[in-house]
Structures are given as structure tokens and as C-alpha cells.
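The values are calculated or read from the model by the stated rules, or taken from the named source; none is laboratory data. Bear in mind the structure is a predicted one, so any value in this text is a computation, not a measurement. Every residue, glycine as well, gets a Cβ built from its backbone with ideal geometry; the counts of neighbours run over all protein chains shown. Remember, those area values only see protein heavy atoms, side chains included, never the ligands or the DNA or RNA. Shrake-Rupley method; radii C 1.70, N 1.55, O 1.52, S 1.80 Å.
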Amino acid sequence: MFYAVLKVLVARLTMVIWRPRIEGRENIPASGPVILASNHLSFIDSIIIPLVAPRRVAFLAKEEYWTSPGIKGLFMKGFFTGIGAVPVRRGDHRAAQAALDTSLEVLESGVAFGIYPEGTRSLDGRLYRAKVGVGWLALKSQAPIVPVGV
């Protein structure tokens, strides 16, 4: 419910303020698992992409958004849960594999899943070498990959 209301209200505001140019939206399948592989320039990418996509998109988000203390922590936990983000622990190789396993579970449920092949934000706007996780997910889930450029 939160996601639907947020999408209707914020999507219109987004279109007016930032005026994103959207090309190829018709390439995103209407149903079934799909991987939206995007470059990553800003925190807002994980919010903008689902707002302009024709269907709900889940992204991984750092676990700290669910574990921060206080009112701010409660707000963050509610917001990220509401938009369909999936918490993931970061840090070591085991955490990376756990994130991929979680991503695979999301895809196996038939959801559109957004991922950043570079693994992190680009601080200078350049596109960096992709990690192998997107290919692994595509092979394991048999989901098509739709490239996204921000």
C-alpha cells in the first residue's frame, strides 16, 4: 500500500522537478523475473528507477537502514521496507554471496530486481568494471537483463 501511494504521489513530483528522459521502458517485461542492471551515480537512483519503471522494482539496501536506532531509524526501516528494499549485510566475501542468494530469492518470486553491476556508486560519473554477480544471477534465475542508464 505504501509503495503504491508513494509511487503515485512522488512519481508525478519527480517528473515535474527532475524531468527524467525515459527511453525503452517498453523493454521491461510486464511480469516475471527481470534484472534491471544500472549504473549508480547517487543514492536517489534506487528511488528514481522504481518510480519511472512500469512495475515494482526491488533493490538491495545496506542492513544499517533497518538497524539504526531512534526515530530516524524507525523512519528509515519503515521507508525501505515500504518501497520493497531488501536488507543486506556488507563487508566480506560471505556477505557478497549472501546478497546474491537473497537477490536470487527475490527474482525467483517473480519480481523485477534492480542491481548495480559495479557494486557501488561512481564518485566521478565514470562507468567502472562490472562484478560477476549480475551474470551469476541471470544464469541462476534465467531472468532477462534489461540495461538501465542513469
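Brief remarks on what is shown
- Some residue of the stretch 138-145 being modelled with pLDDT of 90 or more, within 15 Å of Ile49 (Cβ to Cβ) and not charged (D, E, K, R): yes
- Of all residues making up the stretch 54-77, the number that are open to solvent by less than 40 Å² (accessible area, probe 1.4 Å), in contact (Cβ under 8 Å) with a residue 24 or more places away in the chain and over 11 Å from the mean Cα position of the chain (by Cα): 1
- Any hit, the stretch 37-52, residues being open to solvent by less than 10 Å² (accessible area, probe 1.4 Å) and of a type in the set (A, V, I, L, M, F, W, C): no
- Note on the stretch 18-29: residues that are among the hydrophobic types (A, V, I, L, M, F, W, C) and either open to solvent by 100 Å² or more (accessible area, probe 1.4 Å) or touching a Leu at 6+ places or on another chain (Cβ under 6 Å) (or both) total 1.
- Neighbours by Cβ (under 6 Å, 6+ apart or cross-chain): first from the stretch 17-31, assigned to a helix (DSSP H, G or I); second open to solvent by less than 100 Å² (accessible area, probe 1.4 Å): Arg25/Pro54; Asn27/Val146
- Residues of the stretch 82-113 that are in a helix (DSSP H, G or I), without any contact (Cβ under 8 Å) to a residue 40 or more places away in the chain and surrounded by 14 or more Cβ atoms within 10 Å (Cβ to Cβ): Ala96, Ala98, Ala99, Leu100, Leu104.
- Residues that are of a type in the set (A, V, I, L, M, F, W, C), open to solvent by 30 Å² or more (accessible area, probe 1.4 Å) and within 16 Å of Ile44 (Cα to Cα), drawn from the stretch 114-136: Leu123
- The listed residue being over 24 Å from Tyr128 (Cα atoms) and touching a helix residue (DSSP H, G or I) at 6+ places or on another chain (Cβ under 9 Å), out of Pro50, Pro54: Pro54
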